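**Q** Got a structure for you, questions after.
The values are calculated or read from the model by the stated rules, or taken from the named source; none is laboratory data. The structure presented is a predicted model; accordingly, all values stated were derived computationally and were not measured. FYI the Cβ positions are ideal-geometry reconstructions off the backbone, even for glycines, and counts take in every protein chain you see. We work out accessible area using only protein heavy atoms, side chains counted, and drop any ligands, DNA or RNA first. Shrake-Rupley method; radii C 1.70, N 1.55, O 1.52, S 1.80 Å.
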Amino acid sequence: MRSHMYAVQYRNSDMARTLLAGIPAGHGLEACGSCDACSVSCPNSVQVARKIADLKALTSGTALYA
Ligand code: SF4
C-alpha cells in the first residue's frame, strides 16, 4: 500500500517501483498474480483491491496519473 501512495499521492512511479522491487520474493505483486480478484476486505476501508489493480497497471507500464 505504501508503494501505491508513492505512485499516486507522491506521483513518484520510480519510488513505487523501487519499493515493489525490494519486497521479498513471493510477498509482492507476483503473489497477487494468482488471484483472479482480490478478496481482501479491510476493516478500515482501505481499497486494497483497487490499489493492487493500480500497482499491477503501474508495473505493466501504465501511468497512474496524467
Ligand atoms: S492482496 Fe488481494 S490480490 Fe494480492 S494475494 Fe491477497 S487477496 Fe490476492
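**Q** May I ask you to list the residues in region 1-37 that are closer than 19 Å to Thr62 by Cβ, free of Cβ contacts under 8 Å to residues at least 24 places away in the same chain and open to solvent by less than 50 Å² (accessible area, probe 1.4 Å)?
**A** Tyr6, Gly28
**Q** Does region 39-50 contain at least one residue that is farther than 15 Å from His4 by Cβ, within 9 Å of the ligand (Cβ to nearest atom) and either of a type outside the set (A, V, I, L, M) or in contact with a Lys or Arg (Cβ under 6 Å, 6 or more places away or on another chain) (or both)?
**A** Yes.
**Q** Could I ask something else about it? Within region 51-66, take every residue that is free of Cβ contacts under 8 Å to residues at least 24 places away in the same chain and in a loop (DSSP other than H, G, I, E, B) and give me the one that is nearest to the ligand (Cβ to nearest atom).
**A** Ser60
**Q** Look at Arg11 and say whether it is part of a helix (DSSP H, G or I) and of a type outside the set (Val, Ile, Thr).
**A** Considered against the rule, which asks whether it is part of a helix (DSSP H, G or I) and of a type outside the set (Val, Ile, Thr), Arg11 comes out as no.
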